[in-house]
1. Working carefully through the options A81, A46, A62, find the one that is surrounded by fewer than 16 Cβ atoms within 10 Å (Cβ to Cβ), in contact with a strand residue (DSSP E or B) (Cβ under 8 Å, 6 or more places away or on another chain) and either free of Cβ contacts under 8 Å to residues at least 60 places away in the same chain or in a strand (DSSP E or B) (or both).
2. What is the residue count in segment 99-135 for residues that are aliphatic (A, V, I, L, M) and at pLDDT below 90?
3. Please work out which one of (1) under 15 Å from the mean Cα position of the chain (by Cα); (2) of a type outside the set (F, W, Y); (3) closer than 25 Å to A75 by Cβ is the condition Q41 fails and give its number.
4. Which count do you get for residues in segment 84-125 that are more than 14 Å from the chain's Cα centre (by Cα), part of a loop (DSSP other than H, G, I, E, B) and without any contact (Cβ under 8 Å) to a residue 24 or more places away in the chain?
5. Answer with yes or no whether G15 is small (G, A, S) and at pLDDT 90 or above.
6. Considering each residue of segment 5-43, count those that are among the aliphatic types (A, V, I, L, M) and either in a strand (DSSP E or B) or touching a Leu at 6+ places or on another chain (Cβ under 7 Å) (or both), and give that number.
Amino acid sequence: MVAVDRRTSEVSRRGFFEKWIKARARDERTFVALAACADDQLVGFALAHILDGEFGGAATVAVLDALTVDPDRKAGGIGHALMDALSAGAKERGASELQTQAGWDEPELLGFFAAVGFTLAPRLVLELDASGTEF
């Protein structure tokens, strides 16, 4: 997983994946993990977790944490197949919608998300660098 992801993100997210897998092991029902393989090789994967009442809402939502397809296989429909299966898995776990985030500097990813049906959410994601801030 780390190697395939690194080919697209150009950084290692090993720590993130290790934490995600440990959390899933504690409560499999609230996570969806999918893999796409070809020629006995991992060529893509999708990871999501299920939340009840995100930001005080009443709906159960699935949050897409990672979606990666090997760059050499991107034109093969693997990403679309993973998203279809992820949506089905999220619905099985009671989710009524799927949410994710992407940077403005990721036009290819944003285009993919638009192609599979994502739209802009009616809220902004805000961040605060808490390293030098007193609360």
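The values are calculated or read from the model by the stated rules, or taken from the named source; none is laboratory data. Model, not experiment: these values are computed from the prediction. Glycine also receives a Cβ, built like all others from the backbone with ideal geometry; neighbour counts cover every protein chain displayed.
1. The match here is A81.
2. Qualifying residue count, segment 99-135: 6.
3. The failed condition is (1).
4. Residues that pass the stated criteria total 9.
5. Working: small (G, A, S): yes; at pLDDT 90 or above: yes.
Considered against the rule, which asks whether it is small (G, A, S) and at pLDDT 90 or above, G15 comes out as yes.
6. In the first step, residues of segment 5-43 are kept if they are among the aliphatic types (A, V, I, L, M); the result is 11, 21, 23, 25, 32-36, 38, 42-43.
Now drop any that are not either in a strand (DSSP E or B) or touching a Leu at 6+ places or on another chain (Cβ under 7 Å) (or both), which leaves 32-36, 38, 42-43.
Of the residues in that region, 8 qualify.
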